């Protein structure tokens, strides 16, 4: 009988802890605030895209998998105003609204030269969260509502951050994080 009382007390304490944590983070189960990958203190520069002019992805930029029938064509980007100390650029696309609890990385391009002002057509992409070394367009699950996709251009203080080609996007972002000297971002939305 004593063992049951201890188990019941343990369950009650655990439930109270979960309830307290939910009250502190909000009512949504399975979601949490994702820490920003770009430090707040870094300089900002600008990035534009003729494909995202209205803040939405064109049909060609949607995924060609996960139930979507887009062309998986990355949006064109142009940036300017990066610091003179820039030694390379990286570009990422992150969906913080993905129903994973940790977001979803759709695109990661690294080691673009400091002279770049756009992503060259032949730029090699790193691995995305689907495990492919390519751009993976948006494709929010049916009925999930619009998702916000953060397309970020990072100016780095090194020509090569030393990220292995097969590194996960989270590992790549971690490795590049201490080298970010400036950033530019466009947020676009997509819906199912």
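Here, each number is a calculation from the coordinates, and none is a lab measurement. Computed from a predicted structure; not experimentally measured. Every residue, glycine among them, receives a Cβ derived from its backbone with ideal geometry; neighbour counts consider all protein chains shown.
Among 181, 186, which comes first, second and so on when ranked by fewest other beta-carbon atoms within 10 Å?
Neighbour counts put them in this order, fewest first: 181, 186.
May I ask you to sort 127, 73, 153 by Cβ crowding, counting other Cβ atoms within 10 Å and putting the fewest first?
Least to most surrounded, the residues fall as 73, 127, 153.
Return the distance in nm (one decimal) between the two label points of a simple spin-label model at residue 69 and residue 187, each offset 7 Å from Cα along Cα→Cβ.
Taking the simple label geometry, residue 69 and residue 187 are separated by 3.2 nm.
Using the number of other C-beta atoms within 10 angstrom as an exposure proxy, rank 68, 139 with the fewest first.
68, 139
Taking square-rooted eigenvalues a ≥ b ≥ c of the alpha carbon gyration tensor, is the stretch 32-190 rounded, prolate or oblate, where a/c under 1.5 means rounded and, failing that, a/b exceeding b/c means prolate?
It comes out prolate by the Cα gyration axes.
Given the peptides 168-175, 116-123, arrange them by the average over their residues of other C-beta atoms within 10 Å, most packed first.
Result, highest mean first: 168-175, 116-123.
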